[in-house]
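Let me begin by presenting the structure, written as structure tokens, before commenting on it.
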Amino acid sequence: MNFIINREELLKPLQLVCGVVERRQTLPILSHVLLKLSTDQLSLTATDLEVEMVAHIPQSSTESGELTLPARKFLDICRALPENTDISVAIADDKATIKAGRSRFTLATLPAGDFPGTDDIQDAVEFSLGQLDLKYLIDQTSFAMAHQDVRYYLNGLMLELSDARLRGVATDGHRLAMCDVDAELSMPEVKQSIVPRKGILEMAKLLDDSASPAKVSLSNNHIKVELPVFTFTSKLIDGKFPDYNRVLPEKGDKNLIANNNGLRQALTRASILSNEKYRGVRLQMENNLLRVLANNPEQEEAEEELEVNYQGTALEIGFNVTYLLDAISAITTEDVSILMSDPNSSCLIQAADNDDCRYVVMPMRL
């Protein structure tokens, strides 16, 4: 099996595929990337047994076959070669020889037959939506996913399918992010699936800002996303996501509307002098005025004043400033709305003119 490919055609797909490969492996074969050559394409596959990614590169060849190469070493070699170099790959006696210009590398291979495959997805719900919409859904919610939480069902993004709508929900127990996009779905009943954190982060790297379709297949155990160049498959988290509707504040009677950019900058400046561990800031609201206050154990203080639209009674409430900034930064409209009821209840943050994406942040005592 021999083939020649231009470095620029190979490098980006190889980088994205190798993102799945863990540095520490239980099985040696999992540190390798599988290359499959057919008459019309070269495919690259990597997996950690939970997430699998395949890149399809158009390639005309008179040969076919498959081999595995150490993923990180192969990627480092391709990265280090000069731009627009033609890379030649040949295999003989369990060794792969890679040539480019006057450079020559010999890599050990493992049997391609040992490379683990993904089970076929059975009884899946299938639908299509634009890559832009799927990327938007992930970008608006994934920051709120938990990371290595003992409540394993929080370490991912919950996708909820219902008629004509795909909803994404993520929470780490202190905040919640929820976003809806339109999708060509006809569901007899609501279906929920939890995609693990690593799967979501790797999937997001594949999506672009185009309307080209992403074909999604969702079964009880797997999600598969087919794109023009990539095929992504991930196992789902086996668990029940908490009832997020119970934490959505419904009785907030104090609504603050502020300029998104102005509020974000005020919070960013105040956060400089917040406690590095707890990241707390206090919001003081009175008629059309917001004060953002922060201090730290060194007795340093920050105070920001901002003109806002607020008509309720005076209120003071504390929040983790990072959680506020994450939510406000995800909102793309000019004005942002913050709905509150009292200092001990969570707030609801959303765009001032629509509720497609909603964010809940728990208060903290300062």
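Fully extending the segment from Asn287 to Lys12, taken as 0.36 nm per residue of separation minus the present Cα-Cα distance, adds 93.7 nm. Model label sites at Ser38 and Asn2, defined 7 Å from Cα along the beta-carbon direction, differ in position by 2.4 nm. For the stretch 18-144, what does the alpha-carbon gyration tensor say about shape, rounded, prolate or oblate, given a ≥ b ≥ c as the root eigenvalues, a/c under 1.5 as rounded, and a/b over b/c as prolate? Judged from the Cα gyration tensor, the stretch 18-144 comes out prolate (a/c at least 1.5, a/b above b/c). A crude spin-label estimate for the pair Lys251 and Glu276, with each label 7 Å from Cα along the Cβ direction, gives 4.1 nm. Counting only protein chain heavy atoms and rolling a 1.4 Å probe, the accessible areas of Asp93, Asp355 rank, largest first, as Asp93, Asp355.
Taking Lys and Arg as +1 and Asp and Glu as -1, the other residues whose beta-carbon sits under 13 Å from that of Ala55 total -1. Building the convex hull from the alpha-carbon atoms of the stretch 311-366 and averaging its projection over directions returns 4.1 nm². Karplus-based coupling profile of the stretch 5-11, in residue order and whole Hz: 9, 6, 3, 5, 5, 8, 5, with θ = phi - 60° in 6.51 cos²θ - 1.76 cosθ + 1.60 and x standing for Gly or Pro. Taking only the alpha carbons of the chain, we obtain Rg and Dmax values of 24.8, 79 Å in that order. Charged neighbours of Gln284, selected by a Cβ distance under 11 Å, balance to -3 (K, R count +1; D, E count -1).
Less than 5 angstrom separates the built amide H of Leu129 from those of Ala214, Val216, all sequence-distant by 5 or more or on a different chain.
Just checking the listed ones, Phe115, Phe105, Phe143: in the Gaussian network model of the chain with Cα springs under 10 Å, the one fluctuating most is Phe105. Between the listed residues Leu11, Ala144, Ile91, the Cα displaced farthest toward the positive end of the dipole of the chain, a dipole computed from Cβ unit charges relative to the Cα centre, is found at Ile91. Which of these, Val336, Val21, Val308, has the largest mean-square fluctuation under a Gaussian network model of the chain (Cα springs below 10 Å)? Residue with maximal mean-square fluctuation among Val336, Val21, Val308: Val308. Using the Karplus relation 6.51 cos²θ - 1.76 cosθ + 1.60 with θ = phi - 60°, the per-residue 3J(HN,Hα) values for the stretch 24-35 come to 10, 10, 7, 10, x, 5, 6, 8, 9, 10, 8, 10 Hz, with x marking Gly and Pro.
Dimensions of the stretch 264-366 based on its C-alpha atoms, expressed as ranges along the principal axes with the largest first, amount to 41, 27, 24 Å.
At full extension, Ser186 and Arg24 could sit 54.1 nm farther apart than now, given 0.36 nm per residue minus the alpha carbon distance. Once C-alpha pairs closer than 8 Å and six or more residues apart are averaged by separation and normalised to the residue number of the chain, the relative contact order reads 13 percent. Restricting to DSSP loop positions (anything but H, G, I, E, B) with no more than 11 other Cβ atoms inside 10 Å of their own Cβ, which trypsin sites (Lys or Arg not before Pro) remain in the stretch 228-257? For trypsin sites (Lys or Arg not before Pro) across the stretch 228-257 that sit outside H, G, I, E and B with at most 11 neighbouring Cβ atoms in 10 Å, the list reads Lys240, Lys251.
Helix 197-206 and the longest principal axis of the Cα set of the chain meet at an angle near 70°. Normalised per residue, the accessible area of the stretch 23-160 is 53 Å², obtained with a 1.4 Å probe and no contribution from ligands, DNA or RNA. Along the stretch 257-271 the Karplus relation, 6.51 cos²θ - 1.76 cosθ + 1.60 evaluated at θ = phi - 60°, assigns HN-Hα couplings of 10, 9, 5, 4, 5, x, 5, 4, 5, 4, 5, 4, 5, 5, 5 Hz to successive residues, with x for each Gly and Pro. Restricting the trypsin sites (Lys or Arg not before Pro) of the stretch 1-82 to loop positions (DSSP other than H, G, I, E, B) with no more than 15 neighbouring Cβ atoms within 10 Å leaves Arg23, Arg24. Using a Gaussian network model of the chain in which every pair of alpha carbons under 10 angstrom is joined by a spring, one finds that among Arg282, Arg175, Arg151 the greatest mean-square fluctuation is at Arg151. Surface composition of the chain: carbon plus sulfur atoms hold 45% of the accessible area, using a 1.4 angstrom probe and ignoring ligands, DNA and RNA.
Excluding ligands, DNA and RNA, the accessible surface per residue across the stretch 208-327 is 54 Å² with a 1.4 Å probe. Unpaired cysteine residues in the chain (no second Cys Cβ under 4.7 Å): Cys18, Cys78, Cys347. Dipole check for the chain: with +1 at the C-beta of Lys and Arg, -1 at the C-beta of Asp and Glu, and the Cα centre as origin, the magnitude is about 1160 Debye.
Each label point was placed 7 Å from the Cα along the Cα-to-Cβ direction; for Met362 and Val150 their separation is 1.5 nm.
The values are calculated or read from the model by the stated rules, or taken from the named source; none is laboratory data. Since this is a predicted model, take the numbers as computed values, not measurements. Backbone-built Cβ (ideal geometry, glycine too); neighbour counts: all protein chains shown. Ligands, DNA and RNA are stripped out before the accessible areas are found, and what is left, the full protein with its side chains, is counted by its heavy atoms. Shrake-Rupley method; radii C 1.70, N 1.55, O 1.52, S 1.80 Å.
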